[in-house]
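Peer 1: Submitted below is the structure of interest, expressed as C-alpha cells.
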Amino acid sequence: MLVSAVPVQSQIGRRRVPAVPEPTYWVTGSVGLFNANTVSDGGTHSRWDFGQSSTPRIRASIEKAVSTNASVGLTGTYAHVPFIYEATNVGIPDASEIGTTCISCDAHLNIVSLGGSFHYGGGIGLHQVIEASAGLLQYRDMKRDDDHADLAPAGGNIDPYFTFGYGFGYSISPTMQLSVVQDLGLALHESSGLSSDESNTLRERTLRVNFRYGFANHIRKRIK
C-alpha cells in the first residue's frame, strides 16, 4: 500500500494542463482620430497650424511575439490633414525649399510615419494595453486648397517622432483582440531659422480602435 501511494501522490502533485496555442506573429489594423498643434518651419518662413481639429488616421503594424503578452515590430500610419499655412516672414525661402507660399491660406497635407513598435497586453478577457513607437514622420504633398498648388517645402519634410499609448483591450479568442488606445506623441522639427518664441515640436494625439490578429501559432505546454 505504501509503494502504491507514492506514485499516486506524485501524479496529483504534477497535474498536466492542456497545451495552450500562442501566436508567433500579430497583425493590427487601426482607425483613429488625429489632432495636433502648430509647428513652425524656419526654412520656408512658415507656420503650419493644425488647429486642434480631429482627422481620421489609419495605422497598421506587424509584430513578433517575444513573450506571452509582449511583442515588437514595425508600425506605419497615414492621415490626410487640413491645416492653415501662414507666412511668418515675407522673405524668400531657402533655395532648397522652393515652392508656392501664401500669407495665410487653407491647405492639406499627408502625414505618414514608419517606425519600430512595442506592444504589451493580452490574456483572457479584459486587459490593459501599453504601446510605444519611434521612427520617422514625413509631411508630404502640401497643397493649397483653392488651386491645389504645391506649397513650400515642395519636397516635404522628415522628422523623428516618438509616441506612447495606453488603453484597454478584450481578447475575443487566443488569436483575436479588440482594444481602444490613446496615443500621445512628439515630432521634433528642425529649429534652424526659428526665433525663441516659435515652436519646432509637433504635439500629436490619436484616439484609436484596434483589431489585432495572431497567426503562426506555437504550442506552449503548462505543467502544474
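Peer 1: Could you count how many residues in region 15-47 are part of a loop (DSSP other than H, G, I, E, B), over 28 Å from Ala70 (Cβ atoms) and either modelled with pLDDT under 90 or of a type in the set (A, V, I, L, M, F, W, C) (or both)?
Peer 2: Of the residues in that region, 4 qualify.
Peer 1: Quick check on my filter: what residues within region 158-194 are hydroxyl-bearing (Ser, Thr, Tyr), outside any loop (DSSP other than H, G, I, E, B) and open to solvent by 40 Å² or more (accessible area, probe 1.4 Å)?
Peer 2: We begin by selecting, within region 158-194, every residue hydroxyl-bearing (Ser, Thr, Tyr); these are 161, 163, 166, 170-171, 173, 175, 179, 191-192.
Within this subset, residues satisfying the condition of being outside any loop (DSSP other than H, G, I, E, B) are 161, 163, 166, 170-171, 173, 179.
Residues satisfying the conditions are Tyr166, Tyr170.
Peer 1: Considering each residue of region 24-42, count those that are open to solvent by 10 Å² or more (accessible area, probe 1.4 Å) and not hydroxyl-bearing (Ser, Thr, Tyr), and give that number.
Peer 2: Count: 7.
Peer 1: For region 131-151, how many residues meet the condition of being farther than 15 Å from Thr163 by Cβ, without any contact (Cβ under 8 Å) to a residue 40 or more places away in the chain and touching a Leu at 6+ places or on another chain (Cβ under 8 Å)?
Peer 2: 3
The values are calculated or read from the model by the stated rules, or taken from the named source; none is laboratory data. This one's a predicted model, so the numbers in the text were calculated from it and none came from an experiment. Glycine gets a Cβ as well: all are built from the backbone with ideal geometry, and neighbour counts include every protein chain shown. Each accessible area value is taken on the protein alone, full model and side chains, heavy atoms only, with ligands, DNA and RNA left out. Shrake-Rupley method; radii C 1.70, N 1.55, O 1.52, S 1.80 Å.
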